[in-house]
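Okay, structure first, notes after.
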Amino acid sequence: MNVLMKCESGVVSRFGGDVIFRDLNWTIREGETWAIVGPVGSGKTTLAEMILGRHRLVEGVLQWPALNRLPADAIRRVSFKEESRAFSYSKHYYQQRFNFIEPDDDISLDTFLRVDRVTTDAEVQRIAEQLGIAHLLALSLIKLSNGQMRRARLARALLAQPEWILLDEPFMGLDSQGRHDLVELLRTLIQQGIRITLITRPEMLPDWVTHVIALEQQHVTFQGERSAFHPEVIASEVKPIPVATLTEPIIELTNVNVAYGGKRILHDLNWTVRRGERWALLGPNGAGKTTLLSLIAGDHPQAYSNDLKLWGRQRGSGESIWDIKRKIGLLSPEFHLYFTEPLSAFDAASTGFHDVLVQRAITDEQHAKLSQLFTTFDLMSLADKRFTRLSTGQQRLVLLLRAIVKSPQLLILDEPFQGLDSASIARAREWLDTELSSDQTLIFVTHYEDEIPQCVTKTLRLTSP
């Protein structure tokens with residue numbers, strides 16, 4: 001069987017930086033489909049970047065004998081966040097997803113797919129249809145959902161006619177049907193001769209994965225056939241603190257309707273959330289969960305045209321957006337995309353005290369509280385590291401601390417465990433079950449019902465309009 005990539009006795013370092021891997025031996029052969037797994041910060045993304053040739057080989061041998069082009073041209077990596085010549089979230093702000101965008105600042109999905117690509121209308125249409133996003137081609141890229149943006153990035157990669165695709169957590173943000181559809185699409189691509197390597201959680205390995213390499217702290221702990229890989233999945237076993245009942249409402253939605261260009265997103269929605277309640281917000285992609293949360297968090301302009309009360313006050317009756325955000329802690333995949341400031345991990349989390357994305361001074365008491373959280377979540381070793389250089393999972397944990405640090409009256413966690421390993425998920429669930437005060441309210445969004453904390457006792461399930 002021909003060798004696709006071979007690393008022998010490799011000592012790999014970042015260009016001008018520290019050594020990442022020592023004595024790395026890894027061979028990928030034609031016909032093998034590998035998955036890279038491991039806990040948060042274990043080096044999964046770094047290993048994928050090594051395949052791309054983005055890190056320096058200090059010792060050993062690294063070869064790609066079966067590629068017809070240089071790795072930078074032949075291999076495409078599709079990750080969580082798009083930051084390239086085609087599009088950068090650093091040039092936008094979060095609320096633009098729900099508002100009018102100046103034409104000079106706008107880019108459609110169709111344009112995004114064509115930037116730096118020589119392609120035909122027919123090819124763009126074919127790939128877009130294959131990935132189920134053809135109906136979105138005219139839409140502003142910034143308005144795509146988390147799952148839609150992942151498909152868009154895969155479509156853009158395919159239009160480059162790659163020999164090999166590296167997929168970094170491709171199933172994050174997709175509902176069960178979306179995950180099934182993507183698994184089958186990738187199966188088709190493999191059958192068509194496209195080599196695929198993916199980074200994913202061990203419990204989410206598709207059946208077409210043939211081999212696994214497992215990492216922990218930049219060391220290989222397993223390497224071989226998938227049938228011999230038996231990962232440990234850690235679950236939390238805690239008794240949550242009882243919550244208050246029949247308290248005053250903090251969210252009251254009455255016959256709420258939201259539509260874009262004639263397309264209905266929310267229709268006659270009625271929902272009351274009381275202080276201290278713990279809710280799961282469930283539903284497939286496109287059901288309107290993100291839109292609903294944006295109404296509550298003060299980011300969506302159609303809140304003013306609906307019957308929406310927050311903490312007993314009609315939305316639009318004179319309160320500012322900062323009056324609302326002061327009471328809310330928020331984490332979402334979309335918000336994560338816009339966190340691009342050059343801050344340390346500690347400073348990034350500290351912005352949660354002020355509901356901003358830039359560094360502000362904090363008190364000694366606030367510093368002590370945040371330090372305690374970093375210790376609890378085993379993140380102190382990352383406190384001084386640049387946030388943008390952390391792994392996706394590490395960034396997500398830092399932003400979780402940002403959401404909870406001010407002990408908000410309402411905590412909104414939209415798919416907070418994306419990119420986390422089972423141990424990190426268990427730790428976060430245990431914290432939510434035991435550390436939220438009885439009068440704090442929680443809205444928890446997920447596509448994996450086994451992630452829901454035990455303290456959650458109520459459910460709102462949306463369906464696609």
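The values are calculated or read from the model by the stated rules, or taken from the named source; none is laboratory data. Every value quoted in this text rests on a predicted model; they were computed, and no experiment measured them. Reconstructed Cβ throughout: ideal geometry from the backbone, glycine too, with neighbour counts over all protein chains shown.
Among the residues of region 322-355, those identified as assigned to a loop (DSSP other than H, G, I, E, B) and either closer than 20 Å to Ile142 by Cα or not assigned by TED's automatic domain parsing to the domain that holds Ile404 (or both) are Ser332, Tyr338, Phe339, Thr340, Glu341.
Scanning region 315-333 for residues that are touching an Asp or Glu at 6+ places or on another chain (Cβ under 8 Å), closer than 26 Å to Thr254 by Cα and not hydrophobic (A, V, I, L, M, F, W, C) gives Lys325, Arg326, Ser332. Just give me the residues in region 318-349 being polar (S, T, N, Q) and in contact with a strand residue (DSSP E or B) (Cβ under 9 Å, 6 or more places away or on another chain), in sequence order. Scanning region 318-349 gives Ser332, Thr340, Ser344. Selection of region 345-358 for residues being crowded, with 19+ Cβ neighbours inside 10 Å and farther than 19 Å from Leu411 by Cα yields Ala345, Phe346, Asp347. Filter region 206-219 for residues that are in contact with a strand residue (DSSP E or B) (Cβ under 8 Å, 6 or more places away or on another chain), hydrophobic (A, V, I, L, M, F, W, C) and surrounded by fewer than 19 Cβ atoms within 10 Å (Cβ to Cβ) and give the result. Once the filter is applied, which keeps residues that are in contact with a strand residue (DSSP E or B) (Cβ under 8 Å, 6 or more places away or on another chain), hydrophobic (A, V, I, L, M, F, W, C) and surrounded by fewer than 19 Cβ atoms within 10 Å (Cβ to Cβ), region 206-219 yields nothing.
Could you tell me which residue of region 375-423 is farthest from Asp347 (Cα to Cα), considering only residues that are part of a loop (DSSP other than H, G, I, E, B), out of contact with any His (no Cβ under 8 Å at 6 or more places or on another chain) and acidic (Asp, Glu)? Checked region 375-423; the qualifying residue farthest from Asp347 (Cα to Cα) is Asp421. So, in region 450-464, how many residues would count as being within 24 Å of Phe171 (Cβ to Cβ), of a type outside the set (A, V, I, L, M) and touching a strand residue (DSSP E or B) at 6+ places or on another chain (Cβ under 7 Å)? Final tally of qualifying residues: 3.
Could you count how many residues in region 26-64 are in a strand (DSSP E or B), touching a residue at least 60 places away in the same chain (Cβ under 8 Å) and either of a type in the set (S, T, N, Q) or more than 25 Å from Leu189 (Cα to Cα) (or both)? Number of matching residues: 1. Selection within region 379-415: residues that are at pLDDT below 95 and of a type in the set (Asp, Glu). The member of this set that is surrounded by the most Cβ atoms within 10 Å (Cβ to Cβ) is Asp414. When restricted to residues that are surrounded by fewer than 16 Cβ atoms within 10 Å (Cβ to Cβ), at pLDDT 90 or above and not charged (D, E, K, R), region 26-67 contains 5.
Considering only residues in region 136-158 that are over 19 Å from Leu174 (Cα atoms) and not in a helix (DSSP H, G or I), the one that is modelled with the highest pLDDT turns out to be Leu137. Figure legend. Inter-residue proximity from region 112-135: first residues in the same structural domain as Asn146 (by TED's automatic domain parsing) and within 18 Å of Leu174 (Cα to Cα), second residues modelled with pLDDT under 90 and of a type in the set (Gly, Ala, Ser), beta-carbon distance below 7 Å, spacing 6+ or different chains. Indicated pairs: Ile133/Ala152. Among the residues of region 371-386, is there at least one that is touching a helix residue (DSSP H, G or I) at 6+ places or on another chain (Cβ under 8 Å), aromatic (Phe, Trp, Tyr) and either outside the structural domain of Ile321 (by TED's automatic domain parsing) or farther than 18 Å from Leu442 by Cα (or both)? Yes, some residue in region 371-386 is touching a helix residue (DSSP H, G or I) at 6+ places or on another chain (Cβ under 8 Å), aromatic (Phe, Trp, Tyr) and either outside the structural domain of Ile321 (by TED's automatic domain parsing) or farther than 18 Å from Leu442 by Cα (or both). Considering only residues in region 115-134 that are modelled with pLDDT of 90 or more and surrounded by fewer than 17 Cβ atoms within 10 Å (Cβ to Cβ), the one that is nearest to Pro162 (Cα to Cα) turns out to be Glu123. When Asp73, Asp23 are checked against the criterion of being surrounded by fewer than 16 Cβ atoms within 10 Å (Cβ to Cβ) and not assigned by TED's automatic domain parsing to the domain that holds Gln192, a single residue qualifies: Asp73.
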